[in-house]
1. Taking only Cα atoms, what is the 0 to 90° angle, nearest 10, from helix 58-79's long axis to the longest principal axis of the chain?
2. So, taking all protein chains as they sit and a 1.4 Å probe, how much accessible area belongs to Met11, in Å² rounded to tens?
3. Let me have the 222 nm mean residue ellipticity of the chain computed from DSSP H runs of 4+ only, each contributing -39500 (n - 2.57), with the sum over all residues rounded to the nearest 500.
4. Round to the nearest 10 and report in Å² the accessible area of Trp112, as given by a 1.4 Å probe over the protein chains' heavy atoms.
5. For Asp12, what residues show an amide H to amide H distance below 5 Å, using hydrogens built from the backbone and excluding near sequence neighbours?
6. In the chain, which cysteines lack any other cysteine Cβ under 4.7 Å from their own?
7. Carbon and sulfur together cover what percent of the accessible area of region 1-107 at a 1.4 Å probe radius?
8. What aspartates and glutamates could a cross-link reach from Lys144, if we take a straight Cα to Cα line under 17 Å and drop same-chain neighbours fewer than 8 places away?
Amino acid sequence: MTEDVRRVFRMDNEVLAFRFTATVSDRAGMEPRERLTGTARLKMWLQATGFDVTDVSPADLEHAVELREAIYRIGSAVAAGQQSDPKDVRTLNTVAAAGHAKAALEHERAEWHLTDTAPVGDALGVLATDAIHILGGPDRSRIKNCEGPGCAGLYLDTSRGANRRWCSMNTCGNKVKKSRLAAS
């Protein structure tokens, strides 16, 4: 039986690197939920994101989780106006430099061409590069952690007044509004 990617993962974050960090949900809750529970899940997420990987090893999964957590810690530090851990920055830069993916326009869509020798490493390199662009770019002051109960997910606040509070109105924002209605 094949799992539906949208039932397993949150795919609604407009920032690719932050969508990747959302493979852990309820980070600020009592029991954060790991969604990359095995190599098949990482393969599913990568394929759903447009990376044509056919095989994922346990080492690939370990590297992916290490990258994901480095991105999350750096993003949370940026959101809090704090310095990032140099070890996390080294991880991010190392993974970005190791990737050899090539962007291509095919059938009017952006595609990633991965090498045959290290396709997962190439995909992780794209994720790391995306994180570098957002974490070190001109919009870094708009990076926030979600204020939804238990969430703490990363997002880029693109609202006009920079006053957005939730990673997604459809999930965390809706939960808050429903709880307010129930309380009144």
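The values are calculated or read from the model by the stated rules, or taken from the named source; none is laboratory data. Owing to the predicted nature of the structure, the values given are computational and were not obtained by experimental measurement. Cβ coordinates were reconstructed from backbone atoms using ideal geometry, including for glycine residues, and neighbour counts include every protein chain displayed. Ligands, DNA and RNA are stripped out before the accessible areas are found, and what is left, the full protein with its side chains, is counted by its heavy atoms. Shrake-Rupley method; radii C 1.70, N 1.55, O 1.52, S 1.80 Å.
1. It works out to around 40 degrees.
2. Per-residue accessible area (Met11): approximately 30 Å².
3. One gets -13500 deg cm²/dmol as the mean residue ellipticity at 222 nm.
4. 100
5. Amide H neighbours of Asp12: none.
6. Cysteines of the chain left without a disulfide-compatible partner: Cys172.
7. The nonpolar share, carbon plus sulfur, comes to 50 percent.
8. Counting by Cα, and skipping residues close in sequence, Lys144 has these aspartates and glutamates nearby: Asp12, Glu14, Asp26, Glu69, Asp130, Asp157.
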